[in-house]
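Any read-out appearing in this document is the output of simple, stated calculations on the displayed coordinates, not a laboratory observation. Because the structure is predicted, anything quoted here is derived from the model rather than measured. Every residue, glycine among them, receives a Cβ derived from its backbone with ideal geometry; neighbour counts consider all protein chains shown.
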Amino acid sequence: MKRLLGKVAFVVGGSRGIGAGIVRKMAIEGASVAFTYVNAMDAAITLENELIAAGGKVLAIKADVTVADQMTIAISTALDHYGPIDILVNNAGLFMATSINDANSDNPAISRMWEVNVKGLVRTVSTIARQMKQGGRIITIGSGAAARTPFAGVADYAATKAAMAAYTRGWARDLANRQITVNIVQPGLIDTDLKPDNDAGVNRLLQSVPLGRFGTPAEVGNLVAFLASDEASYITGATVNVDGGGSA
């Protein structure tokens, strides 16, 4: 049985990598899925066409999470197309390496990460939560870096991801009276286009992973679909790692 049949899902950042894995799993489980993309139009349209051809209900929408007007239009488009949103998945994210020498409020890399990873998240959740029905689901894709710094140059990125986790815990309490659950999924090493393209880089990273391999976008999508389903109705405010034991 399809666990998300009759549900409407809105995925922020769904054209490739982890986002595409989530969109694909949501559609397979029967949800009507709207997802946003920024630059990867070809990938977004290819994914949309693939899933529609397989019988899914999928809509790709171009929108930048940092631009309020674009996200307002994207959300309105999804509402007009499918009706009220039951499931929100926040997958938009940006990583840029920085150092302690970069730590000032004018640094463009740091500012951009906060705009995408935190401010865009807050604005999207606030907008959608207001119209979300009783028993909705909000799932954010964070990072294991929020709890364990894997290497130098990650401090500012990790701080944004830690902020996402803190918001998740707070929102879980804020929305509990409406039975809306709010959780964060923290992937570790996942096989996306960010994976090193050389064996030495891959082997170095895998030294910290007990299972000895990269995860897949599908494995992240499986967890997100579970958290979005009725089976996870008593899970809220939780941080769930998908990292092959890297946080153990």
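Structure summary
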{"item": "Rounded D (µm²/s) - the chain, Kirkwood Rh over Cα pairs, Stokes-Einstein at 10 °C, 1.306 mPa s", "result": "87"}
{"item": "Those aspartates and glutamates that a straight Cα-Cα span of less than 19 Å connects to Lys133, excepting residues fewer than 8 apart in one chain", "result": "Asp80, Asp86, Asp174, Asp230, Glu231"}
{"item": "5 angstrom amide H check on Asn241, placed H, neighbours 5+ away", "result": "Gln186"}
{"item": "Cα long-axis angle, helix 155-174 against the chain (0 to 90 degrees, to the nearest 10)", "result": "30"}
{"item": "Inter-part distance where segment 34-90 and segment 172-237 are each reduced to a Cα centre, Å", "result": "21"}
{"item": "Modelled FRET efficiency - R0 30 Å, Asn101 with Gln70, Cβ distances, 0.05 increments", "result": "0.35"}
{"item": "Residue with peak Gaussian network fluctuation, the chain [Cα springs, cutoff 10 Å], from Phe95, Phe151, Phe226", "result": "Phe151"}
{"item": "Prolate/oblate/rounded label for segment 28-89 (Cα gyration tensor, a/c 1.5)", "result": "oblate"}
{"item": "Helix 68-82 vs. the chain, principal-axis angle (Cα, 0 to 90°, nearest 10)", "result": "40"}
{"item": "Degrees separating the helix 120-131 axis from the principal Cα axis of the chain, which is the longest one", "result": "20"}
{"item": "Förster-model FRET efficiency, 22 Å R0, Arg213 and Phe151, C-beta, rounded to 0.05", "result": "0.70"}
{"item": "Listed residues Val224, Val12, Val67, most fluctuating in the chain (Gaussian network, C-alpha, under 10 Å)", "result": "Val67"}
